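What follows is a set of notes on a single structure, which appears directly below.
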Amino acid sequence: MAHDEIIDHYSALARAADAGRTVADCRQDAFVQGGFGAAGYDDLTVLPEGAVRASLGCGNPVAVADLRLGETVLDLGSGGGIDVLLSARRVGPSGTAYGVDASTDMLSLARRNAEQAGAANVEFLHGTIEAIPLPGHAVDVVISNCVINLSGDKAAVLAEAFRVLRPGGRFGVSDVVTAHVRDERARQRAEQRIGCAAGSLAVREYRDLLAAAGFVKIAITLTADHGDGVHSAIVQAVKPAIGPGLEIRPMREGDAAEVLAIYQAGLDTGQASFETTAPGWEGFTASRLPHLRYVAADSDSGEVLGWVAASAVSGRPVYAGVVEHSIYVHPGCQAHGIGRALLSAFIAAADDAGVWTIQSGVFGENAASLSLHQALGFRMVGTRERIGRHRGVWRDVLLIERRSVVIGA
């Protein structure tokens, strides 16, 4: 289905629910057997009947989002409002629950359901999940219930979810995914049977798109099996945490000048590397992995205040999970927790990428770097004595590494 066709389809379902009919977005047998709609919830007695009738999801994202009092939550594709209303109860009067939907009929239905439920801490917004009508850093949690699979631009949806989340914010959705597909036509028939209009992502694709958006601690748990490799799933991830006014995100080409300036400032101290001059951007990017590179940036101005990146230690397959990393923080922003936040995010992303060893070499005189790495689980594994001359002085290099507690443990 095209985007407009999907909106028309769900608008018709909203009108049917408003007329008192229980609606289904897929064949009735698939709806019942797959646990779609209200079947995925434990207790719906607190909600208006109209919200329950219009439930079209494939799970219960509210149950896995770990919502807390006072938080702000956003439901992508909120439909008749069931997950927004349940979220509003979880976050309490001091919290807020937003819903965004492209169908004006669904929004009208949801607003009537909210009024009937007496929910004062909810707001339903008209818009698409590819261009969320909220500012950046506006919510603590993003949820969604079997909607992202409907989008024709899932990368944009996940990038928008990352944008509106505050640092440390959580992404917890129910969705349809594919795994272990043997027959592509059979998979497509299964998707049609359960109403997956735009096609589901493979588990690996979903993970890659979440990582590309900047998420870490990614987990995809398969739930209901709909046959032919198609599953309902719980998808969870986290936006890296950092102090107020800052954000950790993937490094972009547009960051080149600031990244290299910070690199040069570190080299100028004489304690960061044997190198004395930062390379050009082409050389920098060619020697580092295209993923596992992040910056800490000012949320308002976008100014880069620090970066971390990794290089492969060998092209041999046996070392596929071993990387060497570098981390640099702007000299005017050190001792503000930026390095710790960057390194923590990098470690989480490395686990997601299947890295089992992160290693580096540090001058013994670089006490701040050694202290940071030791605090985050790195250990010293040896010393390369008088390994090279730097500014006319023979220097020792301490070898440090961190073994993953997740990969290869």
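Based on this model, can you work out whether GLY70 counts as buried (at least 21 other Cβ atoms within 10 Å of the Cβ) and either closer than 20 Å to VAL164 by Cβ or over 21 Å from the mean Cα position of the chain (by Cα) (or both)?
Working: buried (at least 21 other Cβ atoms within 10 Å of the Cβ): no; either closer than 20 Å to VAL164 by Cβ or over 21 Å from the mean Cα position of the chain (by Cα) (or both): yes.
Considered against the rule, which asks whether it is buried (at least 21 other Cβ atoms within 10 Å of the Cβ) and either closer than 20 Å to VAL164 by Cβ or over 21 Å from the mean Cα position of the chain (by Cα) (or both), GLY70 comes out as no.
Tell me which residues, restricted to the range 197-223, are surrounded by 19 or more Cβ atoms within 10 Å (Cβ to Cβ) and either in contact (Cβ under 8 Å) with a residue 60 or more places away in the chain or in contact with a Gly (Cβ under 7 Å, 6 or more places away or on another chain) (or both).
ARG207, ALA211, GLY214, VAL216, ILE218, listed by residue number.
Please determine whether any residue of the range 244-265 is at pLDDT below 95 and farther than 20 Å from HIS137 by Cα.
No, that holds for no residue.
Determine if the range 389-407 includes at least one residue that is among the charged types (D, E, K, R), within 23 Å of the chain's Cα centre (by Cα), under 29 Å from ILE218 (Cα atoms) and surrounded by 14 or more Cβ atoms within 10 Å (Cβ to Cβ).
To start, the set of residues in the range 389-407 that are among the charged types (D, E, K, R) comprises 389, 391, 395-396, 401-403.
Imposing the further condition that a residue be within 23 Å of the chain's Cα centre (by Cα) reduces the set to none.
Looking for residues that are among the charged types (D, E, K, R), within 23 Å of the chain's Cα centre (by Cα), under 29 Å from ILE218 (Cα atoms) and surrounded by 14 or more Cβ atoms within 10 Å (Cβ to Cβ), one finds none in the range 389-407, hence no.
Any residue in the range 110-125 that is crowded, with 23+ Cβ neighbours inside 10 Å, farther than 18 Å from LEU165 by Cα, in contact with a strand residue (DSSP E or B) (Cβ under 9 Å, 6 or more places away or on another chain) and not small (Gly, Ala, Ser)?
no
If I ask for residues that are acidic (Asp, Glu), under 21 Å from the mean Cα position of the chain (by Cα) and modelled with pLDDT under 95, which ones from the range 270-326 would you list?
Looking only at the range 270-326, we keep the residues that are acidic (Asp, Glu), and these are 275, 282, 298, 300, 303, 324.
Going one step further and asking which of them are under 21 Å from the mean Cα position of the chain (by Cα), we end up with 298, 300.
The answer is ASP300, and nothing else.
Just need a number here: residues in the range 232-254 that are of a type in the set (A, V, I, L, M) and either touching a His at 6+ places or on another chain (Cβ under 9 Å) or more than 22 Å from VAL176 (Cα to Cα) (or both). Full working, then the answer.
Quick first cut of the range 232-254, residues of a type in the set (A, V, I, L, M) only: 233-235, 237-238, 241-242, 246, 248, 251.
From what's left, either touching a His at 6+ places or on another chain (Cβ under 9 Å) or more than 22 Å from VAL176 (Cα to Cα) (or both): 241-242, 246, 248, 251.
So the answer is 5.
Test GLY408 against the criterion of being under 23 Å from THR285 (Cα atoms) and assigned to a loop (DSSP other than H, G, I, E, B), and give yes or no.
On the way: under 23 Å from THR285 (Cα atoms): no; assigned to a loop (DSSP other than H, G, I, E, B): yes.
No; evaluated as a whole, the condition is false for this residue.
Of all the residues that make up the range 248-257, how many are acidic (Asp, Glu) and either in the same structural domain as ALA211 (by TED's automatic domain parsing) or surrounded by fewer than 19 Cβ atoms within 10 Å (Cβ to Cβ) (or both)?
Filtering the range 248-257 down to residues acidic (Asp, Glu) leaves 253, 255.
If we keep only those that are either in the same structural domain as ALA211 (by TED's automatic domain parsing) or surrounded by fewer than 19 Cβ atoms within 10 Å (Cβ to Cβ) (or both) as well, we get 253.
Summing the residues that are acidic (Asp, Glu) and either in the same structural domain as ALA211 (by TED's automatic domain parsing) or surrounded by fewer than 19 Cβ atoms within 10 Å (Cβ to Cβ) (or both) in the range 248-257 gives 1.
The values are calculated or read from the model by the stated rules, or taken from the named source; none is laboratory data. This one's a predicted model, so the numbers in the text were calculated from it and none came from an experiment. Here Cβ is always computed from backbone atoms with ideal geometry, including for glycine, and neighbour counts include all displayed protein chains.
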